[in-house]
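So the structure is just underneath, and the comments pick up after that.
The values are calculated or read from the model by the stated rules, or taken from the named source; none is laboratory data. For clarity, every value in this text was computed on a predicted model and none was experimentally measured. Ideal geometry is used to build each Cβ from the backbone, glycine not excepted, and the neighbour counts take in all protein chains shown.
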Amino acid sequence: MSAFEEQPVFVHIKLSRMNISKTMPERLPSSAVCALVMLFLLIMPAGASAQRIRRHRTERELEFHPPVSPAHGESTFKLEKPRWFYPRKDTVRLVFIGDIMMHKRQLEYDFGTFLEGIRSRLSGADLAVANMEFTLAGKPYSGYPAFSAPDGYAGYVADCGVDVFLTANNHILDKGMKGLERTLDVYDSMSDRVMVTGVSRDRSADSLSYPLIVAVKGIRVALVNFTYGTNAAQQSAWPKVNRIDHEDIEKAFERARERGADYIIALPHWGNEYELQHSAGQEKLAGELARLGADAIVGSHPHVVQDSTAIVTEDGRRVPVFYSVGNAVSNMSAPNTRLELAVSILIERDITGEVRMLEPEAEYLWCTLPGKLTDSFMTIAVDDWIGKRDCWKDPADYDNMMVTLERVKGKTGVGVTRLSRHQTP
């Protein structure tokens, strides 16, 4: 689709990345450099987040476009008159991170530090998406195996710049249907700050949010989120958790096309836990999603980074597939579970309104545990900390990060070469 809604002009503040270690005089002690690094990461991004929140409050109605029901009962969109030229070429950055978790040990700490190391990445994106792998079922709070986190945790994640919460995962029914309904109540109260997909209260809500269609700088993106299953059984038809139901998924793709989506991004919760290579089932489903019209696939659930590829469809489309981006923040310490990905899907629009997807980007993250880098949990971007071993409270954890990085790169190929290609099976 080449027609776009007319968009007002907004001023965007972009934060450039600083390499502090290169800008400091050589005579400064390493402790001073470490202090400045922490100050930059913990304080400066907050301004970016505040700017993002202000911008989203003015743009929110333009970003989310629910279907309008005409008299004859069909759901459709009313598109405004297209513009033929845009002031400048623009690139939209959609950032996807993995499983945001709240284990028992995390409940003992102030969650206000958990995402500070990547706050600027999230708030600086045009759209940031995260998998919320817990319920908001109220007290008593609990970790694995049946998660219930404080309501404020979701608010904190939104404040860090996450725009869309994914809820179709195996832990969303950990506290039963009542827990799910309370979780949805909390998310509904945050509707001016965040959008939610993966679970629907009723048939009308299902039509509205499956897929969730978001307009970002005039480009309409459909997000299709579903899970292989849930740890607890669903006791009634509604609320509904989106599952790997091929007929249901195909209908969601059809609705995306009917409602004018320029791009469809599939967000499956799938695969085998702790395995660095994708399964045969994942590969088969990825091929089916590509044939249905997915333009990109970003998966979660295995708690580790898995390999990636690009599927070339029969009609010549190149569909990037990230089988698993791993965790975003957790108390996991098993091999490879602390190394994670932030995937950026980039879409370029030229001055005539033509759009194309660019090569995606993947940045490695590392979840630091209490006493390792700081006194609490904090997810960081690996590139920000390479060469700063002296900043660690426990330098052995820096070594662990670097060894894990090389091991995972070697096993998955992510970050080593461009995405390999294979034809749809």
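Can you tell me which residue within the range 391-425, out of those that are β-branched (Val, Ile, Thr), surrounded by 12 or more Cβ atoms within 10 Å (Cβ to Cβ) and at pLDDT below 95, is farthest from Glu363 (Cα to Cα)?
Of the residues in the range 391-425, the ones β-branched (Val, Ile, Thr) are 403-404, 408, 412, 414, 416-417, 424.
Subset that is surrounded by 12 or more Cβ atoms within 10 Å (Cβ to Cβ): 404, 408, 412, 414, 424.
Narrowing the set further to residues that are at pLDDT below 95 leaves 414, 424.
Values: Val414: 9, Thr424: 26 Å.
Checking each candidate, the answer is Thr424.
Keeping to the range 390-401, report how many residues are aliphatic (A, V, I, L, M) and without any contact (Cβ under 8 Å) to a residue 24 or more places away in the chain. Can you show your working first?
Let us first name the residues in the range 390-401 that are aliphatic (A, V, I, L, M), namely 396, 401.
Add one more test, that the residue is without any contact (Cβ under 8 Å) to a residue 24 or more places away in the chain, and what stays is 396.
Result for the range 390-401: 1.
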Here the residues within the range 64-113 that are of a type in the set (D, E, K, R) and either touching a Cys at 6+ places or on another chain (Cβ under 7 Å) or at pLDDT 75 or above (or both) are Arg88, Lys89, Asp90, Arg93, Asp99, Lys104, Arg105, Glu108, Asp110
Checked the range 133-146 for anything buried (at least 17 other Cβ atoms within 10 Å of the Cβ) and closer than 9 Å to His171 by Cα; matches are Glu133, Phe134, Thr135, Ala146
Arg338 passes all but one of the listed conditions (1) out of contact with any strand residue (DSSP E or B) (no Cβ under 6 Å at 6 or more places or on another chain); (2) over 19 Å from Leu267 (Cβ atoms); the exception is number (1)
**Message:** Criterion first (assigned to a loop (DSSP other than H, G, I, E, B) and crowded, with 22+ Cβ neighbours inside 10 Å) does Asn225 satisfy it?
**Reply:** no
Among the residues of the range 177-215, the number that are closer than 22 Å to Tyr228 by Cα, assigned to a loop (DSSP other than H, G, I, E, B) and out of contact with any helix residue (DSSP H, G or I) (no Cβ under 7 Å at 6 or more places or on another chain) is 2
Met332 passes all but one of the listed conditions (1) surrounded by 19 or more Cβ atoms within 10 Å (Cβ to Cβ); (2) modelled with pLDDT of 95 or more; (3) farther than 27 Å from Tyr109 by Cα; (4) out of contact with any helix residue (DSSP H, G or I) (no Cβ under 9 Å at 6 or more places or on another chain); the exception is number (3)
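Taking the stated definitions as given, is Ala237 out of contact with any Gly (no Cβ under 7 Å at 6 or more places or on another chain), assigned to a loop (DSSP other than H, G, I, E, B) and not charged (D, E, K, R)? Break it down stepwise before answering.
Details: out of contact with any Gly (no Cβ under 7 Å at 6 or more places or on another chain): yes; assigned to a loop (DSSP other than H, G, I, E, B): yes; not charged (D, E, K, R): yes.
Here the answer is yes, as Ala237 does meet what is asked.
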Selection over the range 333-380 where residues are among the aliphatic types (A, V, I, L, M) and under 18 Å from Gln306 (Cα atoms) yields a count of 8
Quick count over the range 188-243, residues being within 20 Å of the chain's Cα centre (by Cα) and free of Cβ contacts under 8 Å to residues at least 12 places away in the same chain, is 2
Return yes when Val162 is at pLDDT 95 or above, surrounded by fewer than 24 Cβ atoms within 10 Å (Cβ to Cβ) and within 16 Å of the chain's Cα centre (by Cα) and no when it is not.
no
Counting only residues in the range 101-123 that are small (Gly, Ala, Ser) and surrounded by 22 or more Cβ atoms within 10 Å (Cβ to Cβ), the one farthest from Asp375 (Cα to Cα) is identified as Ser123
Exactly one of Ala286, Ala294 is touching a residue at least 40 places away in the same chain (Cβ under 8 Å) and either over 19 Å from Leu166 (Cα atoms) or of a type in the set (A, V, I, L, M, F, W, C) (or both), and that one is Ala294
Reported set for the range 354-389 where residues are without any contact (Cβ under 8 Å) to a residue 24 or more places away in the chain and small (Gly, Ala, Ser) is Gly371
How many residues of the range 252-300 are among the small types (Gly, Ala, Ser) and surrounded by 24 or more Cβ atoms within 10 Å (Cβ to Cβ)? The answer is 10
A careful count of residues in the range 262-292 that are within 20 Å of the chain's Cα centre (by Cα) and in a loop (DSSP other than H, G, I, E, B) gives 8
Looking across the range 354-370 at residues that are out of contact with any helix residue (DSSP H, G or I) (no Cβ under 8 Å at 6 or more places or on another chain) and among the charged types (D, E, K, R), the single one that is surrounded by the fewest Cβ atoms within 10 Å (Cβ to Cβ) is Arg356
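Answer yes if at least one residue in the range 340-349 is over 20 Å from the mean Cα position of the chain (by Cα) and without any contact (Cβ under 8 Å) to a residue 60 or more places away in the chain, and no otherwise. Write out each step before concluding.
Applying the first criterion (over 20 Å from the mean Cα position of the chain (by Cα)) to the range 340-349 yields 349.
Narrowing further to those that are without any contact (Cβ under 8 Å) to a residue 60 or more places away in the chain: none.
Looking for residues that are over 20 Å from the mean Cα position of the chain (by Cα) and without any contact (Cβ under 8 Å) to a residue 60 or more places away in the chain, one finds none in the range 340-349, hence no.
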Of the residues in the range 275-309, those that are over 26 Å from Gly410 (Cβ atoms) and among the acidic types (Asp, Glu) come to Glu288, Asp295
